[in-house]
Amino acid sequence: MDRRVGFQERLETSRPHDHSSRLLRIGTIHQQVLSHLLERREEWIERRRGHVAELRKRTTEAEAKLNRLYQAIEDGIADLSDPALKDRLAELAAIRRGPMPTAWSA
């Protein structure tokens, strides 16, 4: 019987707000962690967007340079048998193709 009295006394003297305040603290910690994760994810997304924009810019620039070189070849200004010109064409074509896609590039 003493056990029941001890339990009953503890039950009567415990304060319900103790449990709720503990739950609120846990909720606050979870909220802080999730908020931090969300901020990091948004930063990552912005970095990716910047990276994609830079790649698009490089591709556009390479296409413009290739078009000018093609035009120079057609106009007879540049000699296609020039090894330096062949190297430059290959280099610009590689830039235009861009990096190989990966699972994380989406």
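The values are calculated or read from the model by the stated rules, or taken from the named source; none is laboratory data. Here the structure is a predicted model, which means the values were calculated and not measured. Using ideal geometry, Cβ is built from the backbone for each residue, glycine included, and neighbour counts are taken over all protein chains shown.
Just checking, does the range 38-58 include any residue being in contact with a helix residue (DSSP H, G or I) (Cβ under 7 Å, 6 or more places away or on another chain), at pLDDT 90 or above, surrounded by 10 or more Cβ atoms within 10 Å (Cβ to Cβ) and not aromatic (F, W, Y)?
For the range 38-58, residues in contact with a helix residue (DSSP H, G or I) (Cβ under 7 Å, 6 or more places away or on another chain), at pLDDT 90 or above, surrounded by 10 or more Cβ atoms within 10 Å (Cβ to Cβ) and not aromatic (F, W, Y): present.
Checked against the criteria, A64 counts as among the small types (G, A, S), surrounded by 10 or more Cβ atoms within 10 Å (Cβ to Cβ), assigned to a helix (DSSP H, G or I) and at pLDDT 90 or above. Filtering the range 69-85 to residues that are surrounded by 12 or more Cβ atoms within 10 Å (Cβ to Cβ) and outside any loop (DSSP other than H, G, I, E, B) leaves L69, Y70, A72, I73, L85.
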